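Colleague: Okay, handing you the structure first.
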Amino acid sequence: MIKDNVKRVLDNIAETAIKSGRNPSDVTLVAVTKTVTASEAREVMDAGVVTLGENRVQSLLEKYEVLKDEPCWHLIGHLQTNKVKYIADKVSLIHSVESLKLAEEIDRKFKEHKRIAEILIQVNVSGEESKFGITPYDTFGLVEEISKLENVRVKGLMTMAPLSAAPDECRRYFHDLKKLSCDIADKKIDGVDMQHLSMGMSGDYKEAILEGATIVRVGSALFN
Ligand SMILES: *Cc1c(COP(=O)(O)O)cnc(C)c1O
């Protein structure tokens, strides 16, 4: 039952947040609905989840047709520049920015809707080859460039641990992302607020929270 799954995940999040010395309300659950229908997405909303995440623009648009702006929509997967225009009036956070070119297009399209885009920079902390995201080394420079754009606000960092990694290995990558986030915050770049760390999925969200995640992206643990 989806409802029971939501309750179990929210309980785990709360318990782990407290264990890491934070409030349960400091960690947001994004329900990743990429493998399910709009009506199953509706069930997690009915169980108390406010934010839905989609990794593809097309599937976000399909569900948006049905659910409109009742949930907060997050785009969590790779975003092609030519698709920004479809989501600029719909999403409240984009987790997956990894180039200045993409950020510039987000700036243009959000401007057309008189909106400020909130974004995260996707960092490839593990160095795994197939993954999207930029290197930790390049992150500071990109944040600095993006901070000059009028309608884009950097709100933090996102990462995906390698799918093959065991939870304690993931924890090391999450620790590295947290450290990178603190280092960037220390530079006090104008307009940049390193408020969010989006890390942790069904298999490793507890490890991520212990390392400081403020957003966890959970799919299969809710819908299987
Ligand atoms: C699918 C996906 C998730 C959720 O993965 P689960 O293991 O099903 O919880 C999280 N983040 C991104 C970017 C995804 O594409």
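The values are calculated or read from the model by the stated rules, or taken from the named source; none is laboratory data. In this text the structure is predicted, and so the values were computed from the model without any measurement. Here the Cβ positions follow ideal geometry from the backbone for every residue, glycine too, while neighbour counts run over all protein chains shown.
Colleague: Being crowded, with 18+ Cβ neighbours inside 10 Å and at pLDDT 95 or above is the requirement here; does L120 meet it? Before you say what the answer is, go through the steps one by one.
Modeller: Working: crowded, with 18+ Cβ neighbours inside 10 Å: yes; at pLDDT 95 or above: yes.
In short, yes.
Colleague: Do we have E145 as assigned to a helix (DSSP H, G or I) and surrounded by fewer than 20 Cβ atoms within 10 Å (Cβ to Cβ) here? Steps first, please.
Modeller: Numbers: assigned to a helix (DSSP H, G or I): yes; surrounded by fewer than 20 Cβ atoms within 10 Å (Cβ to Cβ): yes.
Yes: the conditions hold for E145.
Colleague: Quick test for you: out of E169, E144, E211, pick the one residue that is at pLDDT below 95 and charged (D, E, K, R). If you could, list the steps in order and put the result at the bottom.
Modeller: Values: E144 fails: at pLDDT below 95; E211 fails: at pLDDT below 95.
Among E169, E144, E211, only E169 is at pLDDT below 95 and charged (D, E, K, R).
Colleague: Just give me the residues in segment 26-48 being farther than 12 Å from G219 by Cβ and assigned to a loop (DSSP other than H, G, I, E, B), in sequence order. Steps first, please.
Modeller: Narrowing segment 26-48 to residues farther than 12 Å from G219 by Cβ: 26-28, 37-39, 42-43, 45-48.
Result: V27, T37, A47, G48.
Colleague: What number of residues in segment 212-224 are away from the ligand (no atom under 11 Å from the Cβ) and buried (at least 22 other Cβ atoms within 10 Å of the Cβ)? Lay out the reasoning, then the answer.
Modeller: Within segment 212-224, the first condition is being away from the ligand (no atom under 11 Å from the Cβ), and the residues that meet it are 212-214.
From what is left, the residues that are buried (at least 22 other Cβ atoms within 10 Å of the Cβ) are 213.
Of the residues in segment 212-224, 1 are away from the ligand (no atom under 11 Å from the Cβ) and buried (at least 22 other Cβ atoms within 10 Å of the Cβ).
Colleague: Read through the list (1) in contact (Cβ under 8 Å) with a residue 60 or more places away in the chain; (2) of a type outside the set (A, V, I, L, M); (3) in contact with a Pro (Cβ under 9 Å, 6 or more places away or on another chain), then give the number of the only condition that G203 fails.
Modeller: The failed condition is (1).
Colleague: Scan (1) crowded, with 16+ Cβ neighbours inside 10 Å; (2) under 24 Å from F140 (Cβ atoms) for the single condition I87 breaks and write down its number.
Modeller: I87 satisfies every listed condition except (2).
Colleague: Right, here's the next one. All but one of (1) of a type outside the set (V, I, T); (2) within 13 Å of the ligand (Cβ to nearest atom); (3) more than 23 Å from R108 (Cβ to Cβ) hold for S25, so report the exception by its number.
Modeller: (2)
Colleague: While we're looking at this one, here's another question. Is there a residue in segment 75-93 that is within 13 Å of the ligand (Cβ to nearest atom), within 30 Å of E145 (Cα to Cα) and hydroxyl-bearing (S, T, Y)? Steps first, please.
Modeller: Looking only at segment 75-93, we keep the residues that are within 13 Å of the ligand (Cβ to nearest atom), and these are 75-79, 93.
Filter once more, so that each one left must be within 30 Å of E145 (Cα to Cα): 75-79, 93.
Pick out the ones that are also hydroxyl-bearing (S, T, Y) and you get none.
The answer is no, given that none of the residues of segment 75-93 is within 13 Å of the ligand (Cβ to nearest atom), within 30 Å of E145 (Cα to Cα) and hydroxyl-bearing (S, T, Y).
Colleague: Is there any pair with a first residue in segment 31-49 that is in contact (Cβ under 8 Å) with a residue 24 or more places away in the chain and a second that is within 10 Å of the ligand (Cβ to nearest atom) and assigned to a helix (DSSP H, G or I) whose Cβ atoms are under 7 Å apart and which are 6 or more apart or on different chains, and what are they?
Modeller: Listed pairs, sorted by first residue: A31/L222; T35/F223; V36/F223; E40/F223; V44/L222.
Colleague: Quick check: is even one residue across segment 102-120 within 15 Å of the ligand (Cβ to nearest atom) and in contact with a His (Cβ under 9 Å, 6 or more places away or on another chain)? If you could, list the steps in order and put the result at the bottom.
Modeller: Of all residues in segment 102-120, those within 15 Å of the ligand (Cβ to nearest atom) come to 119-120.
Remaining after also requiring in contact with a His (Cβ under 9 Å, 6 or more places away or on another chain): 119-120.
Looking for residues that are within 15 Å of the ligand (Cβ to nearest atom) and in contact with a His (Cβ under 9 Å, 6 or more places away or on another chain), one finds at least one in segment 102-120, hence yes.
Colleague: Just the residues that are in contact with a strand residue (DSSP E or B) (Cβ under 7 Å, 6 or more places away or on another chain) and either over 21 Å from K148 (Cα atoms) or among the β-branched types (V, I, T) (or both), please, taken from segment 94-132.
Modeller: Step one: filter segment 94-132 for residues in contact with a strand residue (DSSP E or B) (Cβ under 7 Å, 6 or more places away or on another chain), giving 94-98, 103, 106-107, 110, 116-124, 132.
Result: I94, V97, I106, I116, I119, I121, V123, N124, F132.
Colleague: For segment 35-51: of the residues being among the β-branched types (V, I, T) and away from the ligand (no atom under 12 Å from the Cβ), which is surrounded by the most Cβ atoms within 10 Å (Cβ to Cβ)? Break it down stepwise before answering.
Modeller: Our first condition is that a residue be among the β-branched types (V, I, T); within segment 35-51, this holds for 35-37, 44, 49-51.
Going one step further and asking which of them are away from the ligand (no atom under 12 Å from the Cβ), we end up with 37, 44, 49-51.
Details: T37: 13, V44: 26, V49: 23, V50: 13, T51: 18.
Within segment 35-51, the match that is surrounded by the most Cβ atoms within 10 Å (Cβ to Cβ) is V44.
Colleague: In segment 185-210, what residues are over 17 Å from E118 (Cα atoms) and more than 16 Å from the ligand (Cβ to nearest atom)?
Modeller: D186, K187, K188, L210
Colleague: Looking only at segment 82-129, which residues are out of contact with any Lys or Arg (no Cβ under 6 Å at 6 or more places or on another chain), part of a loop (DSSP other than H, G, I, E, B) and within 20 Å of R56 (Cβ to Cβ)?
Modeller: D89, K90, E98, S99
Colleague: Okay, moving on. I'd like the residue in segment 52-70 that is buried (at least 19 other Cβ atoms within 10 Å of the Cβ) and within 16 Å of the ligand (Cβ to nearest atom) and, out of all such residues, is nearest to the chain's Cα centre (by Cα). Full working, then the answer.
Modeller: From segment 52-70, those buried (at least 19 other Cβ atoms within 10 Å of the Cβ) are 52-55, 57, 60, 63-64; that's our starting set.
Pick out the ones that are also within 16 Å of the ligand (Cβ to nearest atom) and you get 52-55, 57, 60, 63.
On the way: L52: 10, G53: 8, E54: 10, N55: 10, V57: 14, L60: 14, K63: 18 Å.
Among those residues, the one meeting the criterion is G53.
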